């Protein structure tokens, strides 16, 4: 069994810029910049047959390329002890459309996704225990206005993930190109336009 998720990769300059923010908070586990991504759908454990079904279903997802702009700082949960620190994504209709189509394709392959609202983000740290409040507030103030240049997104990926020796390791299992000029209004059975 392999753990799978669908996500967008980030260009190296975004990962390097986010890495410069990874300091100044005690007792947090900073995300390895090489593994930073924007999750479109978490699948979980999958055997070979399900993986093949997912690859086929995701191959039917089509939408146009779009600009991805990282902007602002947030955390989960929004209230209560900090568990995850993230950089947000500027609202982009084409990204929302892609995520809905990925969710529909995963549902058709038998994967039930969480019902919570899609909040596109890049996780930069996880916390087992929240850092001291004053340090956290100082960090949030210092970095809250982060804004990185937009980058063109022209593909998405199915990743496998496994833990070993601390940090997770991710590998791309399959990739799909986004296609310029794809019609927005056409919905055919079995195709996710």
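Screening the candidates 75, 62 for the property of being more than 30 Å from residue 130 (Cβ to Cβ) and at pLDDT below 95 yields one hit, 62. As a summary of the residue check, residue 88 satisfies the conditions (1) modelled with pLDDT under 95; (2) closer than 23 Å to residue 153 by Cβ; (3) part of a strand (DSSP E or B) except for the one numbered (1). For residue 136, the conditions (1) in a helix (DSSP H, G or I); (2) surrounded by fewer than 15 Cβ atoms within 10 Å (Cβ to Cβ); (3) more than 17 Å from the chain's Cα centre (by Cα) are fulfilled apart from (2). The residue list 97, 64 contains one member that is outside any helix (DSSP H, G or I) and either more than 16 Å from the chain's Cα centre (by Cα) or surrounded by 15 or more Cβ atoms within 10 Å (Cβ to Cβ) (or both), which is 64. Condition test on residue 80, is it in a helix (DSSP H, G or I) and without any contact (Cβ under 8 Å) to a residue 12 or more places away in the chain? So residue 80 does not fit the description; no. Which ones in region 117-133 are closer than 17 Å to residue 21 by Cα and surrounded by 16 or more Cβ atoms within 10 Å (Cβ to Cβ)? Residues satisfying the conditions are 121, 122, 123, 124, 125, 127, 131. Those residues that are under 20 Å from the mean Cα position of the chain (by Cα), in a helix (DSSP H, G or I) and more than 13 Å from residue 104 (Cα to Cα), I need them from region 37-60; list them, please. 51, 55 - these are the residues of region 37-60 that are under 20 Å from the mean Cα position of the chain (by Cα), in a helix (DSSP H, G or I) and more than 13 Å from residue 104 (Cα to Cα). Of the residues that make up region 151-163, is at least one within 18 Å of the chain's Cα centre (by Cα), in a loop (DSSP other than H, G, I, E, B), more than 27 Å from residue 81 (Cα to Cα) and modelled with pLDDT of 95 or more? Yes, region 151-163 contains at least one residue that is within 18 Å of the chain's Cα centre (by Cα), in a loop (DSSP other than H, G, I, E, B), more than 27 Å from residue 81 (Cα to Cα) and modelled with pLDDT of 95 or more.
The values are calculated or read from the model by the stated rules, or taken from the named source; none is laboratory data. These figures come from a predicted structure and were not determined experimentally. When we count neighbours, we look across all protein chains shown, and the Cβ atoms used for this are built from the backbone with ideal geometry, even at glycine.
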